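The values are calculated or read from the model by the stated rules, or taken from the named source; none is laboratory data. All values derive from a computational prediction rather than experimental measurement. Counting neighbours? That spans all protein chains shown, and the Cβs are built from the backbone with ideal geometry, glycine included. These area figures cover heavy atoms from the full protein model, side chains too; ligands, DNA and RNA do not enter into them. Shrake-Rupley method; radii C 1.70, N 1.55, O 1.52, S 1.80 Å.
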Amino acid sequence: MKRLALAVAAVCAVAVVTVPAAVSAWGNTGHRLIGMAAVRALPDELPGFLRTPGAAAEVGELAREPDRTKGAGQPHDRERDTAHFVDMDDQGRVMDERGMSIDALPRLKSEYDAALTVAGLDVDDAGYLPYAIWDGYQHLVRDFATWRVLNAAEARETDPGKRAWYREDRLRREALILRDMGYLGHYVGDGAQPHHTTIHYNGWSRDVPNPEGFTTSRQTHGAFEGAFTARVARLDMVEAAMTAPLLDGFDLRARVPAYLKTTLARVLPFYQLEKAGGFGEGDARGGAFVVERLAAGASELRDLYILAWRDSADDEIGWPKVKVAEVEAGTADPWLAMYGED
């Protein structure tokens, strides 16, 4: 449980150096900007309630929530705190040569935990960020599928009582969608922060060689993602640096590891830049690095929102199950599936 222990030590150090150094993810500014930029970039194919300034602001705030719930106790913290990161070595293996490649993760998190334990690795140290992103994406697909059914049923229903219920449940679902978009946004945002993909997560690891003499300071992580990011990052800068959507040939199980490996490749440049003084006052190189990483997170998050929406069109939900496409086409009545028969 190295990360949790270091977080405590870092908090103690704050009183001395006045730098927010707790090991937790992007600070408030980073997560807000990633969530807002992703929602503001959504295309017209997504529902109108998402393409508003209010929705963008709401998702930006809710993207902070997984950090704000920390410290609730056990088992809450044990099951959630390790969702924010996955520690890979420089070759993309979880922890070290004993761990599996990020490209060969087991189907389930329980299988992942078991495999790490058999290999002699600490599950708490390893983290399980890929599973948090996969789970969040799949949950959002279900949210969108439910909204599609409720929206279509509300538009066609002639019974006033049923129509009113569909409307109320649609509004409930819209609130849940914003919440779940925020949660997914948090973990996708974590995946854009180099320190959340590496064994060098708070200064260069002291357990491996450091031939270039990179910093081993335990203030590295928090200083970068907190005070420094808050000082240099702005929404318009992040939006201008976002890449074009990448939506073709989507495979969720492959997409997330590829995204995290891209971030892992930015670990060495970070430490080289830090050593060269790039994060000093007035040095534009550090600001550019922050904006590039925030934009990478916002771009990936925007794409996953769009892809989840598209996937939801082929889903089936409720009990007895109804197909979203049939409800939207007007060939299936979803009342029992939505309201319930018992």
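For Ala288, the conditions (1) in contact (Cβ under 8 Å) with a residue 24 or more places away in the chain; (2) in a helix (DSSP H, G or I); (3) open to solvent by 40 Å² or more (accessible area, probe 1.4 Å); (4) of a type in the set (A, V, I, L, M) all hold with the exception of (1).
Here's the yes/no breakdown for (1) exposed (fewer than 11 other Cβ atoms within 10 Å of the Cβ); (2) within 17 Å of the chain's Cα centre (by Cα):
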{"position": "Gly35", "(1), (2)": "no, yes"}
{"position": "Ala38", "(1), (2)": "no, yes"}
{"position": "Ala41", "(1), (2)": "no, yes"}
{"position": "Glu45", "(1), (2)": "yes, no"}
{"position": "Phe49", "(1), (2)": "no, no"}
{"position": "Pro53", "(1), (2)": "yes, no"}
{"position": "Gly60", "(1), (2)": "no, yes"}
{"position": "Lys70", "(1), (2)": "no, yes"}
{"position": "Asp77", "(1), (2)": "no, no"}
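Count of the stretch 313-325 residues, restricted to those that are in a helix (DSSP H, G or I) and open to solvent by less than 10 Å² (accessible area, probe 1.4 Å), is 1.
Checked against the criterion of being open to solvent by less than 50 Å² (accessible area, probe 1.4 Å), without any contact (Cβ under 8 Å) to a residue 12 or more places away in the chain and of a type in the set (Gly, Ala, Ser), the stretch 192-205 contains one or more residues that satisfy it.
The set of residues from the stretch 101-112 being of a type outside the set (Phe, Trp, Tyr) and crowded, with 18+ Cβ neighbours inside 10 Å comprises Ile102, Leu105, Lys109.
Quick grid of which residues meet (1) open to solvent by less than 20 Å² (accessible area, probe 1.4 Å); (2) farther than 17 Å from Ala37 by Cα; (3) in contact with a Gly (Cβ under 7 Å, 6 or more places away or on another chain); (4) assigned to a helix (DSSP H, G or I):
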| residue | (1), (2), (3), (4) |
| --- | --- |
| Thr215 | no, yes, yes, no |
| Glu239 | no, no, no, yes |
| Arg253 | no, yes, no, yes |
| Pro269 | no, yes, no, yes |
| Leu273 | no, yes, yes, yes |
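In summary, Trp26 fulfils each of the numbered conditions (1) surrounded by fewer than 18 Cβ atoms within 10 Å (Cβ to Cβ); (2) among the hydrophobic types (A, V, I, L, M, F, W, C); (3) outside any helix (DSSP H, G or I) with the single exception of condition (1). In the set (1) assigned to a loop (DSSP other than H, G, I, E, B); (2) touching a Lys or Arg at 6+ places or on another chain (Cβ under 7 Å); (3) within 30 Å of Asn28 (Cα to Cα), Gly99 fails one condition alone, (3).
All but one of (1) within 19 Å of Val39 (Cβ to Cβ); (2) buried (at least 22 other Cβ atoms within 10 Å of the Cβ) hold for Arg310; which doesn't? In the conditions (1) within 19 Å of Val39 (Cβ to Cβ); (2) buried (at least 22 other Cβ atoms within 10 Å of the Cβ), Arg310 misses (2) alone.
So which residues in the stretch 86-100 are open to solvent by 10 Å² or more (accessible area, probe 1.4 Å) and either in contact with a helix residue (DSSP H, G or I) (Cβ under 9 Å, 6 or more places away or on another chain) or closer than 20 Å to Arg266 by Cα (or both)? Reasoning before the result, please.
Taking the stretch 86-100 and keeping what is open to solvent by 10 Å² or more (accessible area, probe 1.4 Å), we get 89-91, 93, 95-98, 100.
Result: Asp89, Asp90, Gln91, Arg93, Met95, Asp96, Arg98, Met100.
The requirement of being closer than 20 Å to Gly222 by Cβ, outside any loop (DSSP other than H, G, I, E, B) and modelled with pLDDT of 95 or more is fulfilled nowhere in the stretch 43-58; no residue meets it.
Mind listing whichever residues of the stretch 219-235 are in a loop (DSSP other than H, G, I, E, B) and surrounded by fewer than 18 Cβ atoms within 10 Å (Cβ to Cβ)?
Filtering the stretch 219-235 for residues in a loop (DSSP other than H, G, I, E, B) gives 219, 233-234.
Once the filter is applied, which keeps residues that are in a loop (DSSP other than H, G, I, E, B) and surrounded by fewer than 18 Cβ atoms within 10 Å (Cβ to Cβ), the stretch 219-235 yields only Arg234.
Output yes when any residue across the stretch 241-251 is part of a helix (DSSP H, G or I), out of contact with any strand residue (DSSP E or B) (no Cβ under 7 Å at 6 or more places or on another chain), open to solvent by less than 30 Å² (accessible area, probe 1.4 Å) and among the aliphatic types (A, V, I, L, M), and no when none is.
As a first pass, look at the stretch 241-251 and keep what is part of a helix (DSSP H, G or I): 241.
Filter once more, so that each one left must be out of contact with any strand residue (DSSP E or B) (no Cβ under 7 Å at 6 or more places or on another chain): 241.
From what's left, open to solvent by less than 30 Å² (accessible area, probe 1.4 Å): none.
No, the stretch 241-251 has no match at all.
Quick one: Phe279 ticks every box in (1) part of a helix (DSSP H, G or I); (2) more than 23 Å from the chain's Cα centre (by Cα); (3) surrounded by 19 or more Cβ atoms within 10 Å (Cβ to Cβ) except a single one, so which number is it? Unmet for Phe279, out of (1) part of a helix (DSSP H, G or I); (2) more than 23 Å from the chain's Cα centre (by Cα); (3) surrounded by 19 or more Cβ atoms within 10 Å (Cβ to Cβ): (1). If the condition is being without any contact (Cβ under 8 Å) to a residue 24 or more places away in the chain and in contact with a helix residue (DSSP H, G or I) (Cβ under 9 Å, 6 or more places away or on another chain), then the stretch 211-226 contributes only Ser217. Looking only at the stretch 123-160, how many residues end up being open to solvent by 50 Å² or more (accessible area, probe 1.4 Å), in a helix (DSSP H, G or I) and over 30 Å from Glu97 (Cβ atoms)? So the answer is 7.
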